[in-house]
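Inspection log for the structure reproduced underneath, given as structure tokens.
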Amino acid sequence: MRLLYFAAVFATASWLIALLWRKLVAVRQVNVIVQSPERTAQVNSLERALRAEGGEPDSSATDDQELS
């Protein structure tokens, strides 16, 4: 009976550690934006389309492009 109890405690603890690890990894991955040529081309084409319609693109998007 004691073995069953400790097995349950161990299983619960390992499950909790795995859950917390996955949560930590997910939180760290949320704010990661991968800069790729495809993404840059898509952003540039969307900005050109917005300018063609007469709208003004968001200034923060152009600031990000200048920093790269």
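Odds and ends about this structure:
- Members of the range 17-41 found to be open to solvent by 80 Å² or more (accessible area, probe 1.4 Å), of a type in the set (S, T, N, Q) and without any contact (Cβ under 8 Å) to a residue 24 or more places away in the chain, listed by number: GLN29, ASN31
- When the test is whether a residue is modelled with pLDDT under 90 and either surrounded by 10 or more Cβ atoms within 10 Å (Cβ to Cβ) or of a type in the set (Ser, Thr, Tyr) (or both), SER14 does not pass it.
The values are calculated or read from the model by the stated rules, or taken from the named source; none is laboratory data. Just so it is clear, the structure is predicted and the values come from calculations on it, not from any experiment. Cβ coordinates were reconstructed from backbone atoms using ideal geometry, including for glycine residues, and neighbour counts include every protein chain displayed. Calculation scope for accessible area: heavy atoms of the full protein, side chains included, ligands and nucleic acids excluded. Shrake-Rupley method; radii C 1.70, N 1.55, O 1.52, S 1.80 Å.
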